[in-house]
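The structure appears right after this line, and notes come after that.
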Amino acid sequence: TPLLAGESDILSPPRVYDRPADRPPPRREPPVIKESKPVVKAQQERAMKLQQQEQQKTSQQLPLEDIIIINVMARDRSRFSGAALLEILLANHLRYGHHNIFHCYTGEDREEESLYSVVNAVKPGTFDLNQMDTFNTPGVGLFLRLPTPGRAMDAFDNMLKTARSIADNLNGELRDENRSVMTAQTIEHCRQRIRDFEM
């Protein structure tokens, strides 16, 4: 048969390498595959994401802050007089301060020195100190933010005393954060929340 282009009629036998009997076979090292930069970067990002998720789980298990709320609402759909309310708040050592609400300060009139605060039950929750004589409201809210600059349980007892003073003098009643009637059991539950937070 005629030869095609590139073919040759000279054939040589295949070369066979005979390894001496005293020589071991050559070692075959596994190929080293280097990960590319995008792969390494993706692995690092995945590891960081898992670490952040673990930190979030830990922070969810341990609350960093909490708020205890006591509402004082007027009975029989009446309203609290602003002038009478101001007199009671001042008598319980609260002062008008930042955010245009009343605070029980431990020292200077600074936000970080506030043990607990009193807000208006009507949005936006502020008071106008110049119009307290003509002002009235269906209720007020007292809140204690944890952690506090002082002893949390003492601050709660002080806040509860102020709430009861408002209720007794202005014909009001204590209500919880959901505005349900506040019972002795509810008050004890608030104290337990403070204990759990401090632990």
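Figures for the structure shown
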{"item": "Residue list for segment 94-145, filter: closer than 12 Å to residue 159 by Cβ and in contact with a Pro (Cβ under 8 Å, 6 or more places away or on another chain)", "result": "114, 115"}
{"item": "Residue in segment 174-183 that is within 21 Å of the chain's Cα centre (by Cα), open to solvent by 30 Å² or more (accessible area, probe 1.4 Å) and more than 17 Å from residue 106 (Cβ to Cβ) present", "result": "yes"}
{"item": "Index of the failed condition, residue 159 passing every other in (1) of a type in the set (A, V, I, L, M, F, W, C); (2) under 24 Å from the mean Cα position of the chain (by Cα); (3) open to solvent by 20 Å² or more (accessible area, probe 1.4 Å)", "result": "(3)"}
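The values are calculated or read from the model by the stated rules, or taken from the named source; none is laboratory data. A quick note: this is a predicted structure, and the numbers were derived from the prediction, not measured. Positions of Cβ are backbone-derived with ideal geometry, glycine not excepted, and every protein chain shown enters the neighbour counts. Each accessible area value is taken on the protein alone, full model and side chains, heavy atoms only, with ligands, DNA and RNA left out. Shrake-Rupley method; radii C 1.70, N 1.55, O 1.52, S 1.80 Å.
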